[in-house]
Amino acid sequence: ALILGIESSCDETAAALVTSDGRVLAHRLAGQEEAHRPFGGVVPELAARAHVEMAVPLVEGALADAGVTLADVDAIAATAGPGLIGGVMVGLMTGKALAHAANKPLIAVNHLEGHALSPRLADPNLAFPYLLLLVSGGHCQLLLVRGVGDYRRLATTIDDAAGEAFDKTAKLLGLGFPGGPAVERAAREGDPKAVPLPRPLVGSGEPHFSFAGLKSAVLRARDAGVHRSEDIAASFQQAVVDCLTDRTRIAIEAVEDDVTALVVAGGVAANQAIRTALAGLAERTGLAFAAPPLWLCTDNGAMIAWAGAERFAAGLIDDMEVPARARWPLDPGAEKARGAGV
Ligand code: ATP
Ligand code: MG
Ligand code: FE
């Protein structure tokens, strides 16, 4: 089957055409860095407006790149949340309109499921169940991925997401926006042992995450005025690496009889130091390791088309009433059990 995917949940508008055997026929992406840079972060109203301008041209461009028309497509997948609600509505409405006009099935995709299944687009041999570290701009979770639409959340952050910590650190150090790649670049020129920073929750028995204290420590290190920003960036990145590997190790102990692979996905999975550390952890614990190529880690349309392909194969089609959602947990049971936010 041929699936068109549309992504618009944050500050990337994207459209892609992916087949159910995992071929990416086309993917187009329009970032909005220039629009948001003056504000040092994503401005929801500016994002929604940019999505309105870009969604249809990107779909047309992707169709042209693949040399197909809407009539050749078997289903249309669009992100239906979670994310900035204005943007989600634009992408989902675009998907609904195209599905209605071309008389094609609509698939409402959870953006997090897009990240969670993206490693299977990169590696068709990656089988369920697997342990997933989902690290992105809004999330930091460990999930047991049992199948399409079947997730058990083992851990989450009690305050900031991993990507948020990178973005705030970049802002504190004046490294620019978007923050993750800027911190990684600066860290390459710095000494990861130069600045003593905390490793929140490392050693605790539950594999949860916390990054707020780390951010405050970065602020204090900056204000002390004695460290190079490259050294602070490198020390910060090392602290995140240590937190992620320690917390993931605890989760591996809980599920190692069920899984054969450790998988990392989401924008922060583009970080080379994090990929290397997790690959090492997987090797030490006897697990296979999978991480999507960098372009598939940060937001894109191919992962939405692919999640759509997986859902389409499972017979999971949505009707036109399906809502756009700002919040949409992958494991609603876990969310309920621990209370909102955790
Ligand atoms: P979510 O997926 O939780 O809704 P999002 O879609 O905004 O959030 P992604 O696009 O998946 O997030 O990831 C963006 C995040 O990844 C940003 O916080 C960004 O700083 C971070 N990031 C991107 N590249 C890197 C990198 N090389 N190193 C560290 N962080 C990175
Ligand atoms: Mg983005
Ligand atoms: Fe994302």
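No lab work stands behind these numbers, since they all come straight from the coordinates. Predicted, not measured: the structure shown is a model, and the values here were computed from it. Cβ sites come from the backbone with ideal geometry, for glycine too, and all protein chains shown count toward neighbours.
Here are some notes:
- Projected label distance in nm at residue 1 and residue 19, using a 7 Å step from Cα toward the beta-carbon: 1.6
- Span from the region 26-45 Cα centroid across to the region 93-138 one, whole angstrom: 21
- Length-normalised contact order for the chain - Cα pairs under 8 Å, 6+ apart - percent: 24
- Selected from 31, 91, 163 as most flexible by GNM, with the chain as the system and alpha-carbon contacts under 10 Å: 31
- For region 29-106, averaging the sequence separation of C-alpha pairs within contact (under 8 Å, six or more residues apart) and dividing by the residue count gives a relative contact order of 31 percent.
- Of the DSSP H helices in the chain, those with a Cα length along their own long axis of 20 Å or more and a mean Kyte-Doolittle hydropathy reaching -0.5 comprise 44-66, 85-102, 229-255.
- Size descriptor, Kirkwood hydrodynamic radius, that averages inverse alpha-carbon separations across region 163-320, Å: 17.1
- Helical content alone sets the calculated 222 nm signal of the chain at -14000 deg cm²/dmol, taking -39,500 (n - 2.57) per DSSP H segment of four or more residues and averaging over every residue.
- Highest-MSF residue in the chain out of 255, 24, 268 [GNM, Cα springs under 10 Å]: 255
- For the chain, built as a Gaussian network whose Cα springs stay under 10 Å, the top-fluctuating residue of 208, 115, 36: 36
- Per-residue extension of 0.36 nm, minus the Cα-Cα distance of residue 219 and residue 313, leaves a gain of 29.0 nm for this segment.
- Using every pair of separate Cα atoms, the Kirkwood estimate puts the hydrodynamic radius of the chain at 20.3 angstrom.
- Rounded to 5, the percent of DSSP beta bridges in the chain classed as antiparallel: 60
- Part-to-part distance (alpha-carbon centres) for region 158-200 and region 238-309, which is given in Å: 19
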